[in-house]
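No value in this document is a laboratory result; all are computed from the given coordinates. None of these values were measured; they are calculated from a predicted model. In this analysis, Cβ positions are derived from the backbone assuming ideal geometry, glycine residues included, and neighbour counts consider all displayed protein chains.
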Amino acid sequence: MVDLSAEAAGPRPASNVRGSLWNDAWLELRGRVIFWLSMAIMVVACGMAAFPSVFARLGPNERCDLRMSKKGPGGGAIFGYDLQGCDYWSQIVHGTRASVLIGIAVTVFALLIAIVLGLVAGYYGGVVDAIVSRMTDVFFGIPFVLGSTVVLIAFPRHGIWAMTLVLVILGWTTMTRLMRGQVLAIRDTDYVQAARALGAGDRRIMLKHILPNAISPVFVVAMLNVGNVISGEATLDYLGVGLQYPDVSWGLQLNVAQTFFAEYPHLLVFPALFLTATVLSFLMLGDVVRDALDPKLR
């Protein structure tokens, strides 16, 4: 006997129906240990940058005692003391802000530039594409660290936002090239042609039909770029052309610690561990997100 009530209710939804690209990626990511480990480290680093007083009992360069200079862990200081006799744990926590803030700010602004230029160049082509492409080639040919060093030396009185501006100027090219390539691959697809035939304007087509389908790989590169920028910022500080005292950053701490590593290894080990863990968290997160968004890699 046929169960008519079951047929009338219609087909049952399958429990494994695949949804959007991002939904599929989330289903893939939530089962990855590396994803959760990277997220945990990244959240802690961002928390230390945003709310350092929650993690450190002292402010930057606060209540320093030269009599405690270079003493190792113990004596009320979990990470010991630096050359100025400051609590090294508190200094490392406050050093997180410069590195993470510059890394995220540079990536956000560079991503916005890449989206605008990549969309315009890839969609319109012709002269617009040629101008954007040649401009990208010019900036792409400037070495990141060397170019930053030259500019920062020319303007010695600079802070976090000046460094951010310099790194944005030199760091938008890769994402722009990728965005342009994605737009070129999508602009002549059937659904874009259908939208154009229905009377959709250029701006609507770019924002509603092309951008959502082109942004995924660019977003992954942006996540990887945060780690690269943090590493680049620390390198500039280490070379002495980035932030300057009394600012606090991991790169400055590494710069000071290199001379005293043999006698006082804690001065170099602790900021190096925090810098390495933070950079790796962004890089590993970008890798697993890329794998989840690319069906060929599943």
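Side notes on the structure shown:
- Lys/Arg +1, Asp/Glu -1 at C-beta; segment 56-145 dipole; positive extreme among Met135, Leu83, Leu111: Leu83
- Normalised contact order of the chain, rounded percent, pairs of Cα under 8 Å and 6 or more residues apart: 23 percent
- The angle between the Cα long axis of helix 211-239 and the longest principal axis of the Cα atoms of the chain comes to about 10 degrees, rounded to the nearest 10.
- Among the cysteines of the chain, those whose beta-carbon sits 4.7 Å or more from every other cysteine beta-carbon are Cys46.
- Our coupling estimate for segment 150-162, obtained by passing each phi through the Karplus curve with A = 6.51, B = -1.76, C = 1.60 and θ = phi - 60°, is 4, 5, 5, 5, 5, 10, x, 8, 9, x, 4, 6, 5 Hz, Gly and Pro reported as x.
- By the count of neighbouring beta-carbon atoms within 10 Å, fewest first, Phe144, Phe79 end up ordered Phe144, Phe79.
- In plain terms, the residue of Tyr238, Tyr81 with the fewest other Cβ atoms within 10 Å comes first and the most crowded comes last, giving Tyr238, Tyr81.
- Between segment 246-291 and segment 165-192, the alpha-carbon center distance in angstrom: 31 Å
- Long-range amide H partners of Leu243 with built H, under 5 Å: Asp237
- Span from the segment 59-76 Cα centroid across to the segment 79-128 one, whole angstrom: 29 Å
- Evaluated with a Cβ-only charge set (Lys, Arg +1; Asp, Glu -1), segment 22-297 carries a dipole of roughly 340 debye about its Cα centre, given to the nearest 20.
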